[in-house]
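What follows is a set of notes on a single structure, which appears directly below.
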Amino acid sequence: MNFQIQHLSTLSKYVGISFVVAVLNLAFTHQATASTEARTVAIDMNDKLRFNPASWEATEGEDLRLVVTNSGKVRHELVIGKEKELAEHAKQMLEAHSGHHHHMNNAVSVEPGQSAVLNWTFKSPGTWGMACFEPGHFEAGMAGQITVKPKHSH
Ligand SMILES: [Cu+2]
């Protein structure tokens, strides 16, 4: 009798603990999901001077994790910006006659055979562009388009 009561209390202790563990698990799982919410978009760059996909869609404010792979044998980069800004940047680069340039957080340069991640959120809807500013690449058509839909569609 005594044993049974003890056994029962031990059991309820375990049930209690596993309940707490379950709740904690739930809390942590939820937190983990919240912090890795970013949608992954895989973009390939190659020596045909093309992005693949060359056009894709996103939503304003959406957290994106761009996994950019260079499957070519020369260095490529992915620069994101409004198409007008990218065109202006390309012009400036030609005028500067310099292959050396700096970008902010809107670009990632990837060595041949490597991959890199660019975390990105489009702050406004509309047509955005992708470009590679390695010398001559943008001019040869290494560019793409991203259609960004508004966050609230009424
Ligand atoms: Cu390129």
Out of the residues in region 109-134 that are more than 16 Å from the ligand (Cβ to nearest atom) and in contact with a Gly (Cβ under 8 Å, 6 or more places away or on another chain), state the one that is farthest from E83 (Cα to Cα). T121
Confirm whether H137 is in a loop (DSSP other than H, G, I, E, B), in contact (Cβ under 8 Å) with a residue 12 or more places away in the chain and within 15 Å of the ligand (Cβ to nearest atom). yes
Limited to region 30-45, what total is found for residues that are modelled with pLDDT of 50 or more and in a helix (DSSP H, G or I)? 1
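Yes or no, residue by residue, for (1) at pLDDT below 95; (2) surrounded by 12 or more Cβ atoms within 10 Å (Cβ to Cβ); (3) part of a strand (DSSP E or B); (4) not aliphatic (A, V, I, L, M):
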{"site": "H101", "(1), (2), (3), (4)": "yes, yes, no, yes"}
{"site": "S109", "(1), (2), (3), (4)": "no, yes, yes, yes"}
{"site": "L118", "(1), (2), (3), (4)": "no, yes, yes, no"}
{"site": "M130", "(1), (2), (3), (4)": "no, yes, yes, no"}
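Listed here are the residues, each with its yes/no results for (1) in contact with a helix residue (DSSP H, G or I) (Cβ under 8 Å, 6 or more places away or on another chain); (2) within 20 Å of V41 (Cβ to Cβ); (3) away from the ligand (no atom under 16 Å from the Cβ).
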residue	(1), (2), (3)
W56	no, yes, yes
G61	no, yes, yes
S71	no, yes, no
V79	yes, yes, no
M93	no, no, no
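The values are calculated or read from the model by the stated rules, or taken from the named source; none is laboratory data. Worth saying up front: this structure is predicted, and the values here are computed from it rather than measured. Please note: Cβ atoms are built from the backbone with ideal geometry, for glycine as well, and neighbour counts cover all protein chains shown.
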